[in-house]
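The values are calculated or read from the model by the stated rules, or taken from the named source; none is laboratory data. As the structure is a prediction and not an experimental result, all values here were calculated from the model. Virtual Cβ from ideal backbone geometry, glycine too; neighbours counted across all protein chains shown.
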Amino acid sequence: MIGAGGIVHDSHLPAYAKAGFPVAALVDASLPKAQALAQKFAVPYATDSIAAAIHYAPQNAIFDVAVPAKIIPSILPQLPDGAAVLIQKPMGETLDEARTILQLCRQKGLTAAINFQLRWAPNMMMARAVTQAGVLGELHDMEVKVSVHMPWELWSFLATAPRLEILYHSIHYVDLVRSWFGNPQGVYAKTVKSPRTPELAATKSVLVLDYGESRRVFITANHSHDFAPTMQRSYVQWEGMNGAMRAQMGVNLNYPQGRPDTFEYILQGADEWSSIAPSGNWFPDAFMGSMGSLQAYVQGEAETLPTSVEDAMDTMRTVEAAYLSSERGGVALPE
């Protein structure tokens, strides 16, 4: 485990403990921070040296890199050639940085995946199972709605980030959409700053992903809705010809404490929505899926690596298209 920040404390290590994935060593630039986290989660070795951790860990250990995007290119060259590595999203802060990371992974022969873990949230897995059962019919509508207060100050490195909301948050939803429908034909987007947090880059966004004339897909995120929680929203909703379903992402509500994830559905002819309790929450349970999928692929138990760096490049390309669309602006009103 390379990195000992909040996401490692709150999600990575709790998920691995729950899944029974043993963590051999914990590395962080701050040795006291690494030691404190290692003690809390019974990790046997803590260090501020990646080389020391490699020497201590068993052969063929998987590397989990959870550091700010800017640091990733300096970490990868230190890993053994041919290693398996799970890299925290985003895959760099720009498409050029993503290309650099991809090149490094190829040069070193790394089996590398990006930690787009929302795909494995329990309620998202339920949505996938319902769809694959065919009860909803053809899906023609998918929307992501987030209207919450996000305490961005919890992540000090984001204070000066030139790109914020889409790159560090809505990228999860972009990747989720791609996992359902593949790459969009194009992207229409606008991301803007909030007057509540003028010191930060844009924290409010609208993205429309073009999947042709018969399917509507959009993502809307407002992280400055700092009012009573009654009207806060955080969900993904799908609509098919024969029914609809909605998955609430509770982690965004009252972050970082969060609320439970939920899953609801309705079929044609029904008067009321029905609900099924998911087996866990996005945070931390989905992190078992992203690490587990890499382990299964490395061990030959799975034929594909869903969030490989090659696949993640398309998520980064979609994010880049969103920023380009936002910069270029809309169509001016005709005379």
(message) With the requirement that a residue be exposed (fewer than 11 other Cβ atoms within 10 Å of the Cβ) and either touching a His at 6+ places or on another chain (Cβ under 8 Å) or not polar (S, T, N, Q) (or both), what does the range 155-167 give you?
(response) PRO162
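So that you can scan it fast, the table gives a plain yes or no per residue for (1) within 27 Å of ASN60 (Cα to Cα); (2) within 16 Å of the chain's Cα centre (by Cα):
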| residue | (1), (2) |
| --- | --- |
| VAL251 | no, yes |
| ARG259 | no, no |
| LEU267 | no, no |
| TRP273 | no, no |
| ALA296 | yes, no |
| ASP311 | yes, yes |
(request) Considering each residue of the range 278-293, count those that are part of a helix (DSSP H, G or I) and either of a type in the set (Lys, Arg) or over 14 Å from the mean Cα position of the chain (by Cα) (or both), and give that number. (result) 2
(request) List every residue pair whose Cβ atoms lie under 9 Å apart, where the two residues are 6 or more positions apart in sequence or sit on different chains, the first residue falls within the range 264-281 and is touching a residue at least 60 places away in the same chain (Cβ under 8 Å), and the second residue, located anywhere, is in a strand (DSSP E or B) and of a type in the set (Asp, Glu). (result) ILE276/GLU264
(message) Give all pairs with beta carbons closer than 7 Å in which a residue from the range 108-131 that is assigned to a strand (DSSP E or B) and hydrophobic (A, V, I, L, M, F, W, C) meets a residue that is surrounded by fewer than 24 Cβ atoms within 10 Å (Cβ to Cβ) and modelled with pLDDT under 95; count only pairs at least 6 apart in sequence or on separate chains.
(response) none
(request) Would you mention how many residues in the range 236-249 are touching a residue at least 60 places away in the same chain (Cβ under 8 Å), within 25 Å of MET150 (Cα to Cα) and more than 18 Å from the chain's Cα centre (by Cα)? (result) 1
(message) Looking at ALA61, ALA38, ALA52 in this structure, which one is in contact with a strand residue (DSSP E or B) (Cβ under 7 Å, 6 or more places away or on another chain) and small (Gly, Ala, Ser)?
(response) ALA38
(message) Take residues that are within 21 Å of PHE283 (Cβ to Cβ) and tell me which of the helices (runs of 4 or more DSSP H) falling wholly in the range 1-95 contain 3 or more.
(response) 13-19, 31-40
(message) I need every pair where a residue in the range 52-65 that is under 26 Å from GLN117 (Cβ atoms) and touching a residue at least 60 places away in the same chain (Cβ under 8 Å) has its Cβ under 7 Å from the Cβ of a residue that is assigned to a loop (DSSP other than H, G, I, E, B) and of a type in the set (A, V, I, L, M, F, W, C), sequence separation at least 6 or different chains.
(response) PHE63/LEU79; PHE63/ALA83; ASP64/MET1
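Yes/no matrix, rows are residues, columns are (1) within 16 Å of the chain's Cα centre (by Cα); (2) closer than 19 Å to THR94 by Cβ:
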residue	(1), (2)
MET124	yes, no
VAL130	no, no
GLY134	no, no
VAL177	yes, no
GLY186	no, no
THR203	no, yes
VAL206	no, no
(request) Determine whether SER308 is assigned by TED's automatic domain parsing to the domain that holds ILE101 and under 12 Å from PHE116 (Cβ atoms). (result) no
(message) Looking only at the range 226-238, filter to residues that are surrounded by fewer than 18 Cβ atoms within 10 Å (Cβ to Cβ) and of a type outside the set (Lys, Arg); which one of those is nearest to PRO184 (Cα to Cα)?
(response) GLN237
(request) Hey, can you tell me all the residues within the range 63-110 that are hydroxyl-bearing (Ser, Thr, Tyr) and within 19 Å of the chain's Cα centre (by Cα)? (result) THR94
